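First comes the structure, then the notes that go with it.
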Amino acid sequence: AAFLRCGPRLLEPVYRCEVQCDQEILGRMYAVLRKRRGEILAEDLREGTDLFLISASLPVVESFGFANDLRKNTSGAAHPQLVFSHYEALPQDPLFVVATEEEQEALDDGDLPTINLARKLMDGVRRRKGLRVEDKVVASATKQRTMSRKR
């Protein structure tokens, strides 16, 4: 009971990603990193060449297939190297459920994130391990539709 009351947080493992690429490929490389929740830490130009060395942090969950995706989008011109860096706490509570009207209004106004990333990651792990996941069977139950036509 005390564990649920304190608002648990998930710790997510993060890789330090170093990518070496040309200047022409930088935009496409940034797009792949942003799509996978990567954060750019540093960007250095190697002396005597037109190659950039980009340091970024990338969540481990998002790193599966990252090298193939990066090579596909950059036509093989970017070369990533991933090394474990640290654990980072996710800001959302994985057990958060809208319970009051104030919370629903905050969700509608944009004060709260619409997708609970911690919940999404936790449900993915539970599915992978064959554990029970609490999914809504009906997404929107405001009106029932019938498939038959009235004659």
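Figures for the structure shown
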read-out: Every residue from segment 9-23 that is open to solvent by 60 Å² or more (accessible area, probe 1.4 Å), outside any strand (DSSP E or B) and in contact (Cβ under 8 Å) with a residue 40 or more places away in the chain; value: ARG9
read-out: Considering residues of segment 34-69 that are among the aliphatic types (A, V, I, L, M), out of contact with any Gly (no Cβ under 6 Å at 6 or more places or on another chain) and within 19 Å of PHE84 (Cα to Cα) only, the residue most open to solvent (accessible area, probe 1.4 Å); value: LEU41
read-out: Residue count, segment 117-142 (criterion: part of a loop (DSSP other than H, G, I, E, B), aliphatic (A, V, I, L, M) and modelled with pLDDT of 80 or more); value: 2
read-out: Residue check for THR74: modelled with pLDDT under 90, of a type outside the set (A, V, I, L, M), open to solvent by less than 40 Å² (accessible area, probe 1.4 Å) and closer than 18 Å to GLN20 by Cα; value: yes
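The values are calculated or read from the model by the stated rules, or taken from the named source; none is laboratory data. On a predicted model such as this, the values are computed, not experimentally measured, just so you know. Note that we place each Cβ from the backbone using ideal geometry, even for glycine, and neighbour counts take in every protein chain shown. These area figures cover heavy atoms from the full protein model, side chains too; ligands, DNA and RNA do not enter into them. Shrake-Rupley method; radii C 1.70, N 1.55, O 1.52, S 1.80 Å.
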